Structures are given as structure tokens and as C-alpha cells.
Amino acid sequence: MKKLTSSVLGLLAAPIMPAVYFAFLYPISGYHDFASIYVTYMLTYQFALIGAVFLGGPIFFLMNKLKMVFWWLAMISGAFVSIVVRVTITSGNSVDFDSMVLFAALGGVAGLVFWIFWRFGKDL
């Protein structure tokens with residue numbers, strides 16, 4: 001697999017974890033039925049994917065150009081992107097510290113997922 005292919009797959013895979021988390025814990029209807037979980041997953045995946053592509057993508061290309069793609073930087077970048085998405089979603093409302101920490105953790109995991117795809121996919 002080429003570096004570009006593994007990078008694209010990583011960008012598509014990174015939003016899965018945050019989407020799964022919110023789909024199972026906070027389904028859109030409040031009930032844990034399949035339809036509600038599925039719709040919540042699809043909605044949150046799209047928001048996370050937009051953040052990953054428009055914010056995470058440029059960060060990755062910059063870090064790749066500087067030869068600074070490390071797992072810990074991917075996690076920090078993912079946390080930053082996730083916090084920016086959180087603040088954007090709640091514009092006009094107050095943002096509490098707990099939700100910022102949660103989004104940062106989910107973004108860090110998403111960044112790590114991206115790095116795993118990028119790192120191990122480029123040698124195949």
C-alpha cells in the first residue's frame with residue numbers, strides 16, 4: 001500500500017472511534033435501538049470526518065513535509081482538532097471543561113488511529 005492510500009484510509013478510519021462512542025452512549029432518540037444508534041453514528045462520523053479532513057489533513061501534510069509524523073504528535077493534533085470541532089459545534093453556548101477533556105481524549109485516540117494506518121500502511 002502506498003503512503004497516499006494509507007493516509008486516506010487513516011483519515012477515513014480516524015473518525016470511527018468518536019462516532020462509535022457517541023452513538024452508543026448518546027443515541028439520538030435516547031433509546032438504544034439499532035436505528036437510533038446507526039443514525040447517531042452516521043451524523044457524528046460526518047462531523048468527525050469533516051474535522052479530520054479540513055483540519056487534520058493540513059496538519060498531517062505540514063508535519064509530513066517537516067518529517068515530524070510521530071505517534072505523540074498525531075495524538076496532540078487529534079486532540080487539538082477535536083477541541084476545535086467541539087468549540088465550533090457549540091458556538092454561542094458555554095463549553096465546560098469536562099466535555100473539552102472528553103473531546104480531547106477522543107481526538108487523541110483518533111489521531112493515534114490515523115498514525116497507525118499511516119505508519120504501518122506505508123511499508124506494505
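The values are calculated or read from the model by the stated rules, or taken from the named source; none is laboratory data. The model shown is predicted, which means the values in this text are computed figures rather than measured ones. When we count neighbours, we look across all protein chains shown, and the Cβ atoms used for this are built from the backbone with ideal geometry, even at glycine. Surface accessibility is based on the protein's heavy atoms, side chains included, excluding ligands, DNA and RNA. Shrake-Rupley method; radii C 1.70, N 1.55, O 1.52, S 1.80 Å.
The figures follow:
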{"item": "Ratio of the Cα radius of gyration of segment 1-58 to 2.2 N^0.38 Å, where N counts its residues", "result": "1.28"}
{"item": "Over the chain, relative contact order from alpha-carbon pairs under 8 Å, at least 6 apart, %", "result": "39"}
{"item": "Whole-Å distance, taken between Cα centres, linking segment 64-124 and segment 1-28", "result": "11"}
{"item": "Mean accessible surface per residue for the chain, computed with a 1.4 Å probe while every protein chain stays in place, in Å²", "result": "62"}
{"item": "Selection from ALA74, PHE61, MET42 lying farthest towards where the dipole of segment 33-124 points positive, charges on Cβ", "result": "PHE61"}
{"item": "Using alpha-carbon coordinates, inclination of helix 34-51 to the longest axis of the chain, degrees", "result": "40"}
{"item": "Per residue, the convex hull volume that the Cα atoms of the chain enclose (Å³)", "result": "103"}
{"item": "Most mobile listed residue (LEU12, LEU106, LEU66) in the chain, GNM with C-alpha springs under 10 Å", "result": "LEU66"}
{"item": "Net charge dipole size for the chain [Lys, Arg +1 and Asp, Glu -1 on Cβ; Debye, nearest 20]", "result": "660"}
{"item": "Solvent-accessible area of THR90 with every protein chain in place, 1.4 Å probe, in Å² to the nearest 10", "result": "20"}
{"item": "The chain, accessible surface, carbon-and-sulfur percent (1.4 angstrom probe)", "result": "76"}
{"item": "Three-way shape call for segment 75-124 based on the alpha-carbon gyration tensor, with the a/c threshold at 1.5", "result": "prolate"}
{"item": "HN-Hα J in Hz across segment 60-72 - Karplus 6.51, -1.76, 1.60, θ = phi - 60°, x for Gly and Pro", "result": "4, 5, 5, 5, 5, 4, 7, 6, 10, 8, 10, 4, 6"}
